[in-house]
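K.L.:
So that we are looking at the same thing, I have put the structure below in structure tokens.
The values are calculated or read from the model by the stated rules, or taken from the named source; none is laboratory data. Computed from a predicted structure; not experimentally measured. Neighbour counts are summed over all protein chains in view; Cβ atoms, including those assigned to glycine, are modelled from backbone coordinates with ideal geometry. We work out accessible area using only protein heavy atoms, side chains counted, and drop any ligands, DNA or RNA first. Shrake-Rupley method; radii C 1.70, N 1.55, O 1.52, S 1.80 Å.
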Amino acid sequence: MKKKAKARSSRLRKYLNSFNFLGIITGLVLVFLGALPSLLPRGWVLQGVLSSVLFCIGYGIGLVLSHFIRKFNPPEPRAGKKHSIKKYTYWLLAVIYILTLIAGFHWQQEVRRLVGQPPEYSFSIIGTTIVGLLLTMFIILICRLIRSLYLWLTRLINKHIPKAIAYTAAWVISVLLVIGILNGIVLSGAYNVVNQAFSIKNGTTEEGIVQPTSPQLSGSSQSMIPWDSLGRQGRNFVGRAKTIEQLTKFNQQPATQPIRIYSGLDSASNTKDRANLAVADLKRAGGFDRKIIEVVTTTGTGWVDEEGVAPVEYMYNGNSAIVSMQYSYLPSALSFLVDQTKAKDAGRELYNAVYNEALNMPADKRPKIVAFGESLGSFGGETAFSNLASFRATSDGAVWAGPPNFNILRKTATADRDSGSPEILPVFQQGQNVRFAVKSSDFNNPHKPWGEPKAAYLENSSDPIVWWSPALLFSKPDWLSEPRGADVSKNTHWIPIVTFWTVSGDMVFSTGVPDGHGHKYGKMPTDAWSYVAPPNGWNQQKTEALKAELSK
């Protein structure tokens, strides 16, 4: 028994010694830094995953550093002293890790308070460690299998060609095999499975949503677009249109049935045809005879945010038309990664189709044409305008909520902001056409007349969708150099590599916070529309009454 125990101990020691010493130190340093707060609270599972990812990145950096250090042949300590150095270093790292977990837990509690979330229980510290350890072991296993593949290929090829060429050939083949497996099997297979799963969900109808009877709505018997082709989110959109009774009660005067038009993925075979079909149905329903047409670019699954469309219906007492179309089955988080081109094509095609149809009308009879989009929908909606001059020439206004960092117009306005204005609340060209807001009063910044047309960007200080960028890897953003937003911790700091991954992690649960934080904009679109495209006689008192109505 003692021999077996000794053998097991020897194997364990050998296994532990197989890890690179500098790699472990570097990996754990990144783990420690990854405990610092970012924009949103991180639960123990997400923190464990981030810790694992950061450790593996740090371990890889340590391996590379060790390789170059060995090239200089530095003197190494005796075996006994070397063992003692490692032993005491590991003990020190373990103590620091425990202290980091405790400090990280308190930082996360602080972030939870800032965004109005309840505190988390302290046992989450244990969960973080378990998740991080298990995932790290899995990643290391995969990496060692890849290394074994490389060594096997090297031995195999070296039998036939010179050693130097064999090493290069084995490395190239290993890389190509791994990339091929990831793209051709893992990623492609996962994408197909997820796409199929959400396409099935797309065919379902939410409880309480029924086919409309009003000819002003897509999917009705008079519509050119069949109810069954709208998709789940399209049916939700037309099924939740405000009724004449609701609008009349709020405005205290007879209302008109608002028009809602939607073209689903199954309504036509391609983006251009879906846009043209939507415009044809809009024309059939009398949309171009209304005072305002709101063109909406959806998020991933085809979802249209009621907070962005219902205010226009109430403000115009139903004398409005809202048109949108679907470009994907996938939820926002996945669409953010893989559907950017589809969102861009959908936003451009639909807006241009509506605008070009309106050009056929006499100028004095054309409706206002405005744009709305949230998240990836704002990116798609922006692409209808090649620049600010194009927006001025072809639009009557726009509201874009939670725009990703890669939105071109938004990025240009932020980069070229007036001197002295911060990145989290930029002032561009003295607020002539474009303004940014966290709260309603920000639309009056600066205190100068707001020209026409107006574009409003809604950007929460703690919204990772807005502030995430690949540049976070190696470049400190202005929003972490300037005074922070009210709901961003003072302990949030930029750290190369680390901040990129922590903000990436924030995006996963960016909508799991109360309104006004993260990627939740609540009633801010109502405030925005009251500035961007108010009907005659609209005032602040009506805006507040409408927000109260929409909150019921």
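K.L.:
With +1 assigned to the C-beta of every Lys and Arg and -1 to the C-beta of every Asp and Glu, and no other charges, what is the dipole magnitude of the chain about the Cα centre in debye, to the nearest 20? Before the final figure, lay out the partial values.
P.N.:
Values: 58 positive and 39 negative charges, 771 e Å.
The calculated dipole for the chain is roughly 3700 debye.
K.L.:
Then there is this: What is the sum of charges around SER530, taking Lys and Arg as +1, Asp and Glu as -1, for the other residues whose C-beta is under 10 Å from the C-beta of SER530?
P.N.:
Around SER530, the surrounding residues sum to 0.
K.L.:
Could you order LEU473, LEU145 by accessible surface area, starting with the largest, using a probe radius of 1.4 Å? Intermediate values should be presented prior to the final figure.
P.N.:
On the way: LEU473 45, LEU145 105 Å².
The ordering from most to least exposed comes out as LEU145, LEU473.
K.L.:
With a 1.4 Å probe and every protein chain kept in, tell me what percent of the accessible surface of the chain is carbon plus sulfur.
P.N.:
Values: 16980 of 27150 Å².
The nonpolar share, carbon plus sulfur, comes to 63 percent.
K.L.:
Once R0 is set to 56 Å, what does the formula 1/(1 + (r/R0)^6) return for the Cβ-Cβ distance between ILE200 and ILE85, expressed as a FRET efficiency to the nearest 0.05? Walk me through the intermediate numbers first.
P.N.:
Working: r = 58 Å, r/R0 = 1.03.
The calculated FRET efficiency here is 0.45.
K.L.:
How much net charge surrounds SER419 when only other residues with a Cβ under 13 Å from its Cβ are counted (Lys, Arg +1; Asp, Glu -1)? Present the calculation step by step, with values, prior to reporting the outcome.
P.N.:
Values: positive: ARG417; negative: ASP416, ASP418, GLU423, ASP478, GLU482.
Neighbourhood net charge equals -4.
K.L.:
Rolling a 1.4 angstrom probe over the protein chains, ignoring ligands and nucleic acids, what is the accessible area of LEU230 in square angstrom, nearest 10?
P.N.:
0
K.L.:
Right, another one. Modelling each spin label as a point 7 Å along the Cα-to-Cβ direction, I'd like the LEU99/THR168 distance in nm, to one decimal.
P.N.:
Label at LEU99, label at THR168, 4.9 nm between them.
K.L.:
While we're here: Okay, helix-only estimate at 222 nm for the chain: each DSSP H run of n ≥ 4 adds -39500 (n - 2.57), divide by all residues, round to 500 deg cm²/dmol; what do you get? Don't skip to the end; give the middle numbers.
P.N.:
Values: 20 runs with 285 residues, N = 552.
Value at 222 nm, helices only: -16500 deg cm²/dmol.
K.L.:
Within segment 241-346, count lysine pairs with alpha carbon atoms under 20 angstrom apart where the residues are 8 or more positions apart or belong to different chains. Kindly include the intermediate steps, with their values, before the conclusion.
P.N.:
Working: LYS242/LYS283; LYS242/LYS291; LYS272/LYS283; LYS272/LYS342; LYS272/LYS344; LYS283/LYS291.
Eligible lysine pairs with Cα atoms under 20 Å apart amount to 6.
K.L.:
Once you treat every alpha carbon in the chain as an equal point and sum by Debye, what is log10 I(q)/I(0) at q = 0.13 Å⁻¹?
P.N.:
With one equal scatterer per Cα and no solvent, log10 I(q)/I(0) is -1.30.
K.L.:
Projecting each Cα onto the charge dipole of segment 215-304 (Lys/Arg +1, Asp/Glu -1 at the beta carbon, about the Cα centre), which of THR248, THR271, GLY234 comes out farthest on the positive side?
P.N.:
Of THR248, THR271, GLY234, it is THR248.
K.L.:
Just report the Cα centroid separation between segment 35-75 and segment 281-308, whole Å.
P.N.:
Spelled out, the Cα-based centre of one part sits 47 Å from the other.
K.L.:
OK, next. Mind putting a number on the dipole of segment 413-533 about its Cα centre? Charges go on the C-beta only, +1 for Lys and Arg and -1 for Asp and Glu, and I need it in Debye to the nearest 20.
P.N.:
Working: 10 positive and 13 negative charges, 23 e Å.
So the dipole magnitude of segment 413-533 works out to roughly 100 debye.
K.L.:
Let me make sure I get this right: for segment 347-419, a, b and c are the square roots of the gyration tensor eigenvalues over alpha carbons, sorted descending. Under 1.5 in a/c it's rounded, otherwise prolate if a/b > b/c, else oblate. Which is it? Kindly include the intermediate steps, with their values, before the conclusion.
P.N.:
Working: a/c = 2.52, a/b = 1.76, b/c = 1.43.
Verdict is prolate for segment 347-419.
K.L.:
Rounded to the nearest 5, what % of DSSP beta bridges with both residues in the chain are antiparallel? Walk me through the intermediate numbers first.
P.N.:
Details: 1 of 31 bridges.
If I count the DSSP bridges inside the chain, around 5 percent turn out antiparallel.
K.L.:
If you don't mind, another one. Could you report the accessible area of MET137 in Å², rounded to 10, computed with a 1.4 Å probe on the protein chains as they sit in the structure?
P.N.:
110
K.L.:
Moving on. Net charge near PRO226: determine it from the other residues with C-beta under 12 Å of the C-beta of PRO226, scoring Lys and Arg +1 and Asp and Glu -1.
P.N.:
Details: positive: ARG235; negative: ASP228, ASP266, ASP281.
Taking every Cβ under 12 Å from that of PRO226, the sum is -2.
K.L.:
Describe numerically, in nm with one decimal, the distance between label points set 7 Å from Cα along Cα→Cβ at ASP228 and at ARG113.
P.N.:
5.7
K.L.:
Using mean Cβ contacts within 10 Å as the protection proxy, how do 243-251, 374-382, 34-42, 116-124 order, highest first? It would help to have the intermediate numbers written out before the result.
P.N.:
Details: 243-251: 15.6, 374-382: 29.7, 34-42: 27.0, 116-124: 12.7.
The packing order, highest mean first, is 374-382, 34-42, 243-251, 116-124.
K.L.:
Less than 18 Å from a label point 7 Å out along the Cα-to-Cβ axis of THR412: which backbone N atoms in segment 355-382 qualify, by residue?
P.N.:
What the label zone holds, given the 18 Å backbone N cut-off, is 371, 378-382.
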